[in-house]
Amino acid sequence: MGRRTKISPELAAIADKIRAKTEAETAPAEDRSGHVEGGAAQQSPLMTLLLLRERPPLDDEYVDTETLAAFFKLSTSYFAKLRVSGGGPPFVRMSAAVRYRFGDVKRWAADRFARRSTSEVDPADAA
């Protein structure tokens, strides 16, 4: 089960304001003829991070590169480079979209970054 992180009321209020602003910005615009345009704007990195603190992804959920980068507090380009060079978490390509199964990512991170002491050799460097 995913662990929920308690956040302060002040942080929750900020998250609610950002969520409301994001929803207003991504709401489709209707022109005079009733035609609906727009929507689906990209979520801000801050909002992604706040939502991840509220509810981390479940192991069987698929997440995009931006969500993964926000969760680990790394850049999206880091994961893009790992996709090209290898050694990164397993991913799935759905047309042009790249998705990661969160449980696979957690196992990859545990295998890749777990150490018992600073003198241990990085398994990726040993190969």
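The table for this structure:
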| quantity | calculated |
| --- | --- |
| Tabulated pairs, the stretch 95-124, first under 18 Å from Tyr78 (Cβ atoms), second in a helix (DSSP H, G or I) and at pLDDT below 75, C-beta under 7 angstrom, 6+ apart or interchain | Arg112/Ala124 |
| Condition check for Ala97: out of contact with any Pro (no Cβ under 8 Å at 6 or more places or on another chain), at pLDDT 90 or above and among the hydrophobic types (A, V, I, L, M, F, W, C) | yes |
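The values are calculated or read from the model by the stated rules, or taken from the named source; none is laboratory data. None of these values were measured; they are calculated from a predicted model. No Cβ is skipped: glycine too gets one built from the backbone with ideal geometry, and neighbour counts run over all protein chains shown.
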